[in-house]
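Okay, structure first, notes after.
The values are calculated or read from the model by the stated rules, or taken from the named source; none is laboratory data. Owing to the predicted nature of the structure, the values given are computational and were not obtained by experimental measurement. No Cβ is skipped: glycine too gets one built from the backbone with ideal geometry, and neighbour counts run over all protein chains shown. Areas reflect the complete protein model, heavy atoms only, side chains present, ligands, DNA and RNA absent. Shrake-Rupley method; radii C 1.70, N 1.55, O 1.52, S 1.80 Å.
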Amino acid sequence: MVSNKSRIVVAGSGSIGCYVGGSLVAAGRAVCFLTRPRTEAKLREAGLKVIDLDGTQQLIPHHEFELSSDPAVAFADADIVLITVKSGATEEMAGLAAKHAPAGAIIVSLQNGVGNTEILRRILPEGTVVIAGMVPFNVVLSDNSAEPLTVRRTTQGTVLIDKVLAELPRVLSVPGLPVQAHPDIEGVLWGKLLMNLNNAPNALSNLPLAEQLADRKWRQLVADQMSEALNIMTAHGIEPAKIQGVKPALLPWILRLPNFLFRVVARKMLAIDPRARSSMWEDFARGRPTEVDYLQGVIIQMARQKGLSATLAGKVLSCVKQAEGKPLRSHSIEEIRS
């Protein structure tokens with residue numbers, strides 16, 4: 001049984017993890033962050049600042065939450081574990097949770113991609129409750145040495161989780177972090193994957209999201225990726241669910257609209273903080289590996305299984321792989337399509 005007094009472990013203290021955990025702490029939940037040593041030191045020194053979409057700011061001193069870079073300490077007595085690491089780190093985190101988390105802990109994946117819960121269920125002890133979830137909004141992290149570690153939500157949306165435990169959404173839903181149960185979480189994850197196909201173009205463009213989406217040529221690139229992916233999903237019998245009320249099949253059509261019509265039809269899509277960029281751009285900026293294998297890479301694998309082509313997904317993935325670990329630069333649309 002979970003309650004407002006449940007001990008919640010945030011396993012992965014990047015932008016999403018810090019925003020989710022910080023929002024929970026601000027609402028009085030008992031939270032422990034499993035962090036890297038550098039992040040732990042930063043949070044102990046200056047605390048965590050959480051900024052909501054409406055500009056509401058909360059500076060949370062470190063004594064209001066737990067911190068540890070030791071998984072044995074962090075996972076001890078956990079009631080709920082929120083997995084917020086990149087998809088490539090899921091196996092490692094699952095192994096740590098299997099070794100150190102209590103047998104009855106509820107595991108919730110709040111990650112990009114569609115295969116993380118399968119990995120978690122394979123590695124965690126049989127009978128562990130593993131719940132898929134989807135975070136629709138963008139979060140920007142700033143760890144300027146002169147300021148507290150700061151996370152800012154820059155887009156709208158409600159976190160959706162699988163309809164498994166009726167009380168869990170109530171426990172996790174707090175100001176700045178709306179959470180609801182959804183009866184078709186697999187469809188939701190496929191719908192989010194479609195949206196996340198823009199992570200790579202945004203990172204390659206080196207533009208803020210709002211500026212990128214204002215350019216019809218960039219939108220057409222994203223729309224062409226989505227159309228390609230939708231055809232491949234259809235061949236597999238996959239029907240992605242609506243994301244923020246929009247049917248996936250309509251997304252390419254909306255993105256291809258002339259600018260003046262797009263601004264009218266996609267008002268909610270454009271309700272973006274001007275500082276917002278994709279998480280993949282953040283990976284580029286910090287010299288980290290990206291999640292492209294779990295986004296475009298999944299589309300390519302699915303296409304191969306059905307003898308179909310995923311030409312554009314392949315081109316985008318190739319450009320991302322070439323850009324990883326190198327200084328940031330602005331790629332042209334023609335360069336990506338060529």
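Is one or more of the residues making up the stretch 1-12 part of a helix (DSSP H, G or I) and over 18 Å from the mean Cα position of the chain (by Cα)? Let's see the steps before the verdict.
At the first step, the residues of the stretch 1-12 found to be part of a helix (DSSP H, G or I) are none.
No, there is no match, as no residue in the stretch 1-12 is part of a helix (DSSP H, G or I) and over 18 Å from the mean Cα position of the chain (by Cα).
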Any residue in the stretch 138-153 that is of a type in the set (Val, Ile, Thr), at pLDDT 95 or above and either open to solvent by 30 Å² or more (accessible area, probe 1.4 Å) or closer than 20 Å to GLU186 by Cβ (or both)?
-> no
Can you tell me which residue within the stretch 222-234, out of those that are out of contact with any Pro (no Cβ under 9 Å at 6 or more places or on another chain) and open to solvent by 40 Å² or more (accessible area, probe 1.4 Å), is farthest from LEU317 (Cα to Cα)?
-> THR234
Do we have any residue at all in the stretch 36-50 that's on the phi > 0 side of the Ramachandran plot and crowded, with 23+ Cβ neighbours inside 10 Å?
-> no
Which of the residues that make up the stretch 286-329 are over 23 Å from the mean Cα position of the chain (by Cα) and among the small types (Gly, Ala, Ser)?
-> ALA303, GLY307, SER309, ALA310
Could you list, in sequence order, all residues of the stretch 310-323 that are in contact (Cβ under 8 Å) with a residue 40 or more places away in the chain and either open to solvent by 50 Å² or more (accessible area, probe 1.4 Å) or farther than 20 Å from ASP293 by Cα (or both)?
-> THR311
Qualifying position, being over 30 Å from GLN225 (Cα atoms) and touching a residue at least 12 places away in the same chain (Cβ under 8 Å), among LEU160, LEU165 = LEU165
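So which residues in the stretch 228-244 are over 23 Å from ARG216 (Cβ atoms) and under 20 Å from the mean Cα position of the chain (by Cα), if there are any at all? Don't jump to the end; show me each part of the working.
Step one: of the stretch 228-244, the residues over 23 Å from ARG216 (Cβ atoms) are 232-242.
Hits for the stretch 228-244 are PRO240, ALA241, LYS242.
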When residues of the stretch 47-66 are filtered for being under 22 Å from the mean Cα position of the chain (by Cα), assigned to a strand (DSSP E or B) and touching a residue at least 40 places away in the same chain (Cβ under 8 Å), how many remain?
-> 4
The stretch 262-305, subset exposed (fewer than 13 other Cβ atoms within 10 Å of the Cβ) and at pLDDT below 95, residue farthest from GLY325 (Cα to Cα) | VAL264
Looking at (1) surrounded by fewer than 16 Cβ atoms within 10 Å (Cβ to Cβ); (2) at positive phi, which is the one condition that is false for ASN206?
-> (1)
Reported set for the stretch 4-58 where residues are under 15 Å from ASN144 (Cα atoms) and among the small types (Gly, Ala, Ser) is GLY14, SER15, ALA41, ALA46, GLY47
Applying the selection to the stretch 159-210, what residues are of a type in the set (S, T, N, Q) and under 22 Å from GLU291 (Cβ atoms)?
-> ASN196, ASN198, ASN199, ASN202, SER205, ASN206
